[in-house]
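This report concerns only the one structure given below.
The values are calculated or read from the model by the stated rules, or taken from the named source; none is laboratory data. None of the values given here were measured: they were computed from a predicted structure. Cβ atoms come from the backbone with ideal geometry, glycine included; neighbour counts cover every protein chain shown. With ligands, DNA and RNA removed, areas are computed over all heavy atoms of the protein, side chains included. Shrake-Rupley method; radii C 1.70, N 1.55, O 1.52, S 1.80 Å.
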Amino acid sequence: MVEENFTFYENGAETQVTEAVLSEYYTNYNNAHNKVDIEEANKGDYFKFLNDSQVELVEGDYKTTANYVFKDGYFYILSADSEAMFLYGKGDMSRLEYLYSSIISKAGNATSSSSDAYEDEQDIPYFPTTFNNSIDFHDYEKIEDIQGNAYLLIHNLSNIFVKK
């Protein structure tokens, strides 16, 4: 299951994203995340907790058993030697979320876009993406700066795995 939300800023305020902006987003940006595509790509994926330290992971045709740990509400897979931790999501043994985000910043005729997903612990402060934690990406100091034909679109998605 994938949950998504859009945050859209235009004319100095947060407002409802329009169908025209969404159409442009899905048509013109290669980094746009699509809920349907994510659901299809991950439809057979699952986590099965075998005990307090091992989990079975299935991603497409790939199946493995690995050691894991929860740290501050985040789920990590441990490397074979337990030296490295790989961020897999947030949550607990009953519900895990893997997070994605895309941002489109438009000002006049110029647009820029960014897309990312959880990869390591340094990503945690940026997910889910908000105006304030994406300020290094766009040129707006405050929401009121987004005026005229400018806008900022933030698309957050959570690929959710629930215990069966």
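Against the list (1) in a loop (DSSP other than H, G, I, E, B); (2) of a type in the set (D, E, K, R); (3) in contact with a Gly (Cβ under 9 Å, 6 or more places away or on another chain), the condition ASP139 fails is (3).
Tell me, please, whether a residue that is basic (Lys, Arg) and either open to solvent by less than 60 Å² (accessible area, probe 1.4 Å) or within 21 Å of the chain's Cα centre (by Cα) (or both) can be found in the range 57-69.
Filtering the range 57-69 down to residues basic (Lys, Arg) leaves 63.
Those left that are additionally either open to solvent by less than 60 Å² (accessible area, probe 1.4 Å) or within 21 Å of the chain's Cα centre (by Cα) (or both): none.
No, every residue in the range 57-69 fails to be basic (Lys, Arg) and either open to solvent by less than 60 Å² (accessible area, probe 1.4 Å) or within 21 Å of the chain's Cα centre (by Cα) (or both).
Selection of the range 71-83 for residues being touching a strand residue (DSSP E or B) at 6+ places or on another chain (Cβ under 7 Å) and at negative phi yields TYR74, PHE75, TYR76, ILE77, LEU78. Contact map, the range 56-74: residues that are touching a residue at least 40 places away in the same chain (Cβ under 8 Å) and closer than 22 Å to ILE124 by Cα paired with residues that are among the small types (Gly, Ala, Ser) and open to solvent by less than 50 Å² (accessible area, probe 1.4 Å), Cβ distance under 9 Å, separation 6+ or inter-chain. Pairs shown: TYR74/GLY89; TYR74/GLY91.
Within the range 141-164, can you find the residues that are open to solvent by 70 Å² or more (accessible area, probe 1.4 Å) and in contact (Cβ under 8 Å) with a residue 40 or more places away in the chain? Before you say what the answer is, go through the steps one by one.
Taking the range 141-164 and keeping what is open to solvent by 70 Å² or more (accessible area, probe 1.4 Å), we get 141-142, 144, 147, 149, 162-164.
Matches in the range 141-164: GLU144, GLN147, ASN149, VAL162, LYS163, LYS164.
Taken over the range 117-140, residues that are surrounded by 14 or more Cβ atoms within 10 Å (Cβ to Cβ) and more than 19 Å from GLU4 (Cα to Cα) amount to 4.
Selection of the range 1-29 for residues being polar (S, T, N, Q), open to solvent by 70 Å² or more (accessible area, probe 1.4 Å) and part of a loop (DSSP other than H, G, I, E, B) yields ASN11, GLN16.
With the structure loaded, tell me whether LEU78 is over 14 Å from the mean Cα position of the chain (by Cα), without any contact (Cβ under 8 Å) to a residue 24 or more places away in the chain and surrounded by 14 or more Cβ atoms within 10 Å (Cβ to Cβ) or whether it fails that test.
Details: over 14 Å from the mean Cα position of the chain (by Cα): yes; without any contact (Cβ under 8 Å) to a residue 24 or more places away in the chain: yes; surrounded by 14 or more Cβ atoms within 10 Å (Cβ to Cβ): yes.
Here the answer is yes, as LEU78 does meet what is asked.
Only a single item in (1) part of a loop (DSSP other than H, G, I, E, B); (2) crowded, with 18+ Cβ neighbours inside 10 Å; (3) at pLDDT 90 or above; (4) not small (Gly, Ala, Ser) is not met by GLU97, and it is number (1). Taken across the range 30-49, residues that are open to solvent by less than 80 Å² (accessible area, probe 1.4 Å), modelled with pLDDT of 90 or more, assigned to a loop (DSSP other than H, G, I, E, B) and not aliphatic (A, V, I, L, M) do not occur at all.
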